[in-house]
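> Let me begin by handing over the structure; questions about it come next.
FYI, it's all coordinate maths here, none of it is from the lab. Computed from a predicted structure; not experimentally measured. Virtual Cβ from ideal backbone geometry, glycine too; neighbours counted across all protein chains shown.
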Amino acid sequence: MNKIKEKYKEVKGKYDVIIIGAGLVGSIIARWLSKYNLNILLIDKEPDVGTGTSKANTAIIHAGYDSPFGTLRGKLVVDGNRMFYQMCEELDVAYKTCGTYVVALTDEDIKTLEKLMENGRKKGVPGLEIISGEEMRHREPYINPDVKGALYAPTGGIGDPFMLTVAAAENAVMNGTKLLLETKALDFVVEPFSLHKKKVSGVVTNHGTFLADVTIASAGLYCDELMEKLDIKYDFYVRARKGEYYVFDKAKKLQVKTVLFPCPTPVTKGVLVTITIHGNMILGPTAKEIKDKEDTSVTPEGLEELYKGAKRLVPKLELTDVIRTFAGLRAGGFLHDFIIEAPPKYWGFINLAGIESPGMASSPAIAEYVVNLVQEQGLELKKKNNWNPIRKSRPDFSELSLEEQGWLIEKNPLYGRIVCRCETVTEGEIVAEIHAPVPAHTYDAIKRRTWLGTGRCQGSFDTPRVIEILSRELGIPPTDVIKESKGSYFLTRPTKEVPKGELND
Amino acid sequence: MIEKYCDVAVIGSGPAGLAAAIAAKKAGAQDVIIIERDTELGGILLQCIHNGFGIEIFEEDLTGPEYANRFIVQAKDAGVKDLLDTMVLDLTPRREIYAFNKRDGMIKLDTGAVVLTMGCRERPSGALAIPGYRPAGIYTAGTAQRLVNIEGYMPGERFVILGSGDIGMIMARRLTFEGAKVERMIEILPYISGLKRNYVQCLLDYDIPLQLKHTVIDIKGRDRVEAVVSAQVDENWKPIPGTEDTIPCDTLLLSVGLIPENELSKKAGVELDPLTGGPYVDDTMQTNVPGIFAAGNVVHVYDVVDWVTKAGFVAGQHSGKYAIQHKKESERKLRVIAGNNVHHVLPQFLDPQNLEKEPQELQLRVKWPVEDRVWVKVEVDGKLIKQQVEKYVRPSEMIKVILSPEVHKKAVGGRELLIKVEER
């Protein structure tokens with residue numbers, strides 16, 4: 001009891017709903033809940049939204065033919081896909097409706113395709129079709145000439161998971177949600193409730209305690225750490241599953257136009273050859289379970305595996321045009337299903353765990369599912385009449401016509417200064433992101449939003465200029481500007497100053 | 001949108017651009033404009049505050065900004081105009097330039113001739129596929145140079161430098177001056193890729209260890225670089241197990257090569273030589289697109305700035321003439337071919353008529369070093385027309401061969417001019 005009082009001491013605010021984790025799923029839940037007369041707090045431990053799984057994945061909008069019939073994710077992906085494109089339109093986030101292909105290279109593979117198609121049809125995935133090898137070669141000229149056929153899913157596509165996270169969080173903020181970054185959930189406030197239940201009535205963070213009627217944990221890779229605090233156990237474990245990727249220069253000729261999956265194995269969908277929303281071809285991911293949830297290192301073995309895997313789909317592939325490698329972590333659950341529930345021993349708590357692929361395509365359906373659970377936890381939901389579903393993106397200079405570019409510079413001369421020449425990103429765009437409703441206060445936050453530093457020179461040109469702009473706009477010394485996380489500083493000291501520690505010698 | 005005409009537009013105001021603009025003016029062009037994306041003229045020279053510039057042209061040992069300033073003054077005196085803080089967005093095959101800046105907004109420039117002098121960029125880290133994390137503290141040597149010399153900030157305190165390019169060696173010394181510790185320079189090749197003089201003056205004089213036949217196989221640290229792991233490589237450049245060495249440091253600098261910057265050239269339909277990464281040029285430095293010339297590091301990467309300036313003079317002079325005369329091109333050009341132990345040679349086309357008028361210079365780089373006397377031989381359709389002896393040849397040091405008008409007779413009517421390096 002004393003402990004609870006201790007926790008109450010530093011109460012910083014009282015909300016109807018607190019959402020822990022501003023990843024893709026958490027942000028979309030916040031946006032969905034912001035339709036209702038609720039006082040919502042969205043927190044994330046990092047300096048930006050979407051820095052976990054949301055920022056580094058394959059970005060596929062799954063059609064939903066592969067996740068098994070009868071599972072929660074099998075259902076939510078089909079529902080989510082149906083709602084997905086409208087959500088992107090409302091939030092002004094790019095997507096490509098290019099369809100996806102599962103490529104069969106052997107007769108055995110064709111049988112797998114048939115099974116996948118049957119599974120998809122049972123779940124109501126529209127438009128599934130097995131096309132001939134010849135047709136596949138026609139649609140993707142660089143495909144392995146031995147292709148026997150492919151399962152075409154016209155509702156599949158490519159999304160922009162990171163910008164979707166930003167846009168959803170911004171739309172939630174526009175509609176009254178409070179967003180707190182660098183705010184880590186350390187513990188819960190738990191009170192007695194009934195004979196069989198306790199009540200979760202808030203979250204203890206590094207910035208004080210926040211109380212809420214309903215607390216939603218959407219912590220991605222860290223869901224197990226939160227579950228441990230509440231002693232919630234499932235018959236599965238959450239492990240980080242590492243996926244490594246190769247990114248290619250988009251100026252090169254050898255390009256695929258769509259999403260190519262190999263035939264799946266029980267563990268993974270295999271190494272894809274696909275493109276990003278920005279037009280870069282990418283290979284990935286590998287699928288290796290690891291213990292360390294921050295281990296986004298790229299490994300020689302992983303890269304080798306990617307190359308071998310991708311070569312099977314596109315034999316002409318060469319690595320000479322690779323401009324970057326990266327690794328992302330997804331929450332791999334042993335059960336291979338989403339857990340989205342209000343655990344029976346608590347009142348006022350909703351837990352999301354094991355949201356792995358196809359989390360992005362499922363996300364709008366997940367949000368609706370959570371809205372129902374929130375209602376079941378006793379909150380009366382009344383739709384706001386002034387809820388605004390529309391969030392407009394800020395101008396992307398490189399996408400505008402010469403006339404529009406000229407007009408923009410006239411309006412705001414900052415758009416007349418190029419900071420990243422490879423990707424044509426202007427100072428105006430950077431400053432707009434720094435002061436946006438979900439602000440970009442680090443180099444990587446700006447990079448993810450503007451795509452600056454992702455081209456041929458990989459940031460060599462823009463880095464000094466971005467440091468200067470961040471320092472000026474945030475009113476901090478250049479030595480305090482960081483790349484991503486605390487401690488990822490760029491500069492150590494002004495020149496002509498004595499290095500730290502040497503004065504005492 | 002502002003629309004203008006100029007006789008010659010020069011894109012980039014580094015040493016090649018300044019020289020080209022001055023020469024274009026001297027050749028009679030009226031309106032010569034330099035377009036520069038930075039706020040001052042001079043290009044990368046402005047951050048090269050070390051000395052060693054101008055020894056050939058001025059017979060003086062100048063710093064980069066001093067060297068630039070000599071030409072900036074000349075350009076201003078000659079009446080060259082500039083568009084600063086201005087980015088070129090597009091260049092068409094008809095030599096129309098679309099550019100913009102804060103003051104004027106969008107600008108369209110019609111031109112009589114264009115000189116491409118955009119220089120080069122550094123090869124980045126992503127292309128190297130070094131495994132490990134991507135923490136803060138990985139910079140190209142040139143970015144570090146800008147941070148220290150222009151912005152006035154240190155990018156780190158303990159450095160490892162991968163690659164032995166000239167900027168890397170210059171920065172090793174510069175960072176040492178500023179109180180940082182340069183732990184080591186690591187080069188995968190069995191020889192340094194920069195100039196010997198920089199090795200002596202920047203590494204040896206400051207006791208900075210150089211490790212040849214080594215590479216970086218891992219980067220440690222999550223937020224900021226904490227260490228890099230080096231390893232020896234075998235003859236196939238593969239790391240040898242058991243030779244790993246963890247070097248604590250907070251910064252990894254990359255000095256792993258320069259690439260001519262030709263994105264804009266491509267937009268104009270300029271064809272690039274895969275060996276140099278720069279445009280194919282003839283002896284007037286004209287590209288395959290009529291009226292578009294190129295000079296300096298945008299064509300191929302030079303060792304010494306004085307030669308860049310000289311190339312700029314050639315391109316500028318001919319661009320000026322082109323703009324006012326629309327000179328007809330000779331149809332009978334010699335194709336210049338890189339033979340044995342020649343990585344690439346410039347120009348790739350030579351007009352025998354020009355050779356008759358004045359000496360023509362060939363510039364080449366070898367593929368591998370030979371630390372002994374070698375023959376450099378020039379042949380036209382298999383006939384030897386010139387040979388010269390070099391005391392040694394190294395990939396880092398460009399070789400010049402001057403063809404005098406006397407060889408014109410041997411070259412006229414030929415199709416291919418082959419240049420090769422043979423051990424004696």
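> Quick check on my link table: of A:250/A:316; A:233/A:291; A:35/A:486; A:75/A:345; A:288/A:486, which ones sit more than 22 Å apart, alpha carbon to alpha carbon? Present the calculation step by step, with values, prior to reporting the outcome.
Details: A:250/A:316 16 Å; A:233/A:291 18 Å; A:35/A:486 34 Å; A:75/A:345 26 Å; A:288/A:486 27 Å.
As for pairs spanning more than 22 Å Cα to Cα, those are A:35/A:486; A:75/A:345; A:288/A:486.
> Where in segment A:12-28 does the amide nitrogen come within less than 18 Å of the point 7 Å from the Cα of residue A:193, taken along Cα to Cβ?
Once the point is set 7 Å along Cα→Cβ of residue A:193, A:15-20 turn out to lie under 18 Å by backbone N, inside segment A:12-28.
> Between residue B:204 and residue A:129, what is the FRET efficiency for a Förster distance of 60 Å, r being their Cβ-Cβ separation, to the nearest 0.05? All intermediate terms of the calculation are to be shown ahead of the outcome.
Numbers: r = 69 Å, r/R0 = 1.14.
For R0 = 60 Å, the calculated efficiency reads 0.30.
> About its Cα centre, what dipole magnitude does segment A:40-162 give when the only charges are +1 on Lys and Arg Cβ and -1 on Asp and Glu Cβ, stated in debye to the nearest 20?
Values: 14 positive and 19 negative charges, 76 e Å.
Charge dipole, segment A:40-162, about its Cα centre: 360 debye, nearest 20.
> Under 16 Å between alpha carbons, and skipping anything fewer than 8 positions from residue B:4 in its own chain: which lysines qualify?
Of all the lysines, those that pass the test against residue B:4 - Cα under 16 Å, at least 8 places apart if same chain - are B:81, B:108.
> Also, I was wondering about something else. Could you order peptides A:277-287, A:152-162, A:21-31 by the average number of other Cβ atoms within 10 Å of their residues, highest first?
Working: A:277-287: 21.5, A:152-162: 23.7, A:21-31: 31.0.
Highest-to-lowest ranking by the protection proxy: A:21-31, A:152-162, A:277-287.
> Considering only B:247, B:345, B:65, whose Cα is most displaced toward the positive end of the charge dipole of chain B, charges sitting on Cβ of Lys, Arg (+1) and Asp, Glu (-1)?
B:345
> With the crude spin-label approximation of a point 7 Å out along Cα→Cβ, what separation in nm comes out for residue A:90 versus residue A:11?
Taking the two extended label points, one gets 3.3 nm.
> Is it possible to state the helix-based mean residue ellipticity at 222 nm for the protein assembly as shown, with each DSSP H run of 4+ residues giving -39500 (n - 2.57), the sum divided by total residues, to the nearest 500 deg cm²/dmol? What is it?
Working: 21 runs with 234 residues, N = 929.
Here the helix-only value at 222 nm equals -7500 deg cm²/dmol.
> Follow-up. Per 0.36 nm of contour for each residue apart, how much would the distance between residue B:337 and residue B:212 grow if the chain were fully extended, relative to their Cα-Cα spacing?
Computed gain between residue B:337 and residue B:212 is 41.8 nm.
> Hey, rough spin-label estimate for residue B:238 and residue A:497, points 7 angstrom out along Cα→Cβ, what's it come to in nanometres?
4.8
> Counting only other residues whose beta carbon sits under 12 Å from that of residue A:121, what net charge do I get with K and R as +1, D and E as -1? All intermediate terms of the calculation are to be shown ahead of the outcome.
On the way: positive: A:115, A:122, A:123; negative: A:114, A:118, A:129.
Every neighbour counted, the sum reads 0.
> Something else: Which of A:361, A:286, A:25 sits closest to the plus end of the dipole of chain A, meaning its Cα is farthest towards the positive end, when Lys and Arg get +1 and Asp and Glu get -1 on the C-beta?
Final value for the positive-end residue is A:25.
> Still on this structure: I'd like the FRET efficiency for residue A:257 and residue A:122, computed as 1/(1 + (r/R0)^6) with the beta carbon distance as r and R0 of 22 Å, rounded to 0.05. Write out the running numbers ahead of the final one.
Values: r = 29 Å, r/R0 = 1.33.
With R0 = 22 Å, the Cβ-Cβ based efficiency is 0.15.
> Related question: Kirkwood Rh, the protein assembly as shown, all Cα pairs: how many Å? Show your work: numbers first, answer last.
On the way: mean 1/r = 0.0329 Å⁻¹.
So the Kirkwood estimate lands at 30.4 Å.
> Filter the GluC sites (Glu not before Pro) in segment B:354-424 to those in DSSP coil with at most 11 other Cβ atoms within 10 Å of their Cβ, and list the result. Spell out each step's value before the answer.
Details: sites: B:356, B:361, B:371, B:379, B:390, B:397, B:406, B:416, B:422, B:423; in loops: B:371, B:397.
Here the sparse-neighbourhood loop sites are B:371.
> How charged is the neighbourhood of residue B:399? Take every other residue with its Cβ under 10 Å from the Cβ of residue B:399, and add Lys/Arg as +1 and Asp/Glu as -1.
Numbers: positive: B:365, B:394, B:400; negative: B:390, B:397.
Here the count lands on +1.
> While we're here: Suppose the chain between residue A:385 and residue A:398 were pulled fully straight at 0.36 nm per residue; how much longer would it get relative to their current alpha carbon spacing?
Values: separation 13, 0.36 × 13 = 4.68 nm, distance 3.68 nm.
Once the chain is fully extended between residue A:385 and residue A:398, it gains 1.0 nm.
> Report the charge-dipole magnitude of segment A:397-480 in Debye, nearest 20, computed about the Cα centre from +1 at each Lys and Arg Cβ and -1 at each Asp and Glu Cβ. Don't skip to the end; give the middle numbers.
Numbers: 9 positive and 13 negative charges, 43 e Å.
With only Lys, Arg, Asp and Glu charged at Cβ, the dipole is about 200 debye.
> Positive end of the dipole of the protein assembly as shown, charges at C-beta (+1 Lys, Arg; -1 Asp, Glu), about the Cα centre: which of A:165, B:354, A:464 has its Cα farthest in that direction?
So the residue we want is A:165.
> Which of B:5, A:85, A:222, A:415 comes first, and how do the rest follow, when ranked by fewest Cβ neighbours within 10 Å? Could you put the intermediate results ahead of the total?
Values: B:5 11, A:85 16, A:222 19, A:415 25.
Lowest to highest Cβ neighbour count: B:5, A:85, A:222, A:415.
> Which percent, nearest 5, of DSSP beta bridges in segment B:336-423 are antiparallel? Walk me through the numbers on the way to the answer.
Working: 24 of 27 bridges.
If we restrict to bridges inside segment B:336-423, about 90 percent are antiparallel.
> So for segment A:145-263, averaging the separation of alpha carbon pairs under 8 Å that are six or more residues apart and normalising by length, what relative contact order in percent results?
Numbers: 79 pairs, mean separation 17.9, N = 119.
Reported relative contact order: 15 percent.
> For the residue pair residue B:191 and residue A:146, what label-to-label distance in nm results when each label sits 7 Å from Cα along the Cα-to-beta-carbon direction?
Taking the simple label geometry, residue B:191 and residue A:146 are separated by 4.4 nm.
> Lys and Arg at +1, Asp and Glu at -1: add these up for the other residues within a Cβ distance under 15 Å of residue B:257 and post the number.
On the way: positive: A:456, B:121, B:123, B:365, B:367; negative: B:122, B:166, B:187, B:261, B:303.
Residues close to residue B:257 contribute a combined charge of 0.
> Something else now. Only Cα pairs under 8 Å and at least 6 apart count here; give the relative contact order of chain B as a rounded whole percent. Working shown, then result.
Working: 1079 pairs, mean separation 68.9, N = 424.
Computed over chain B, the figure is 16 percent.
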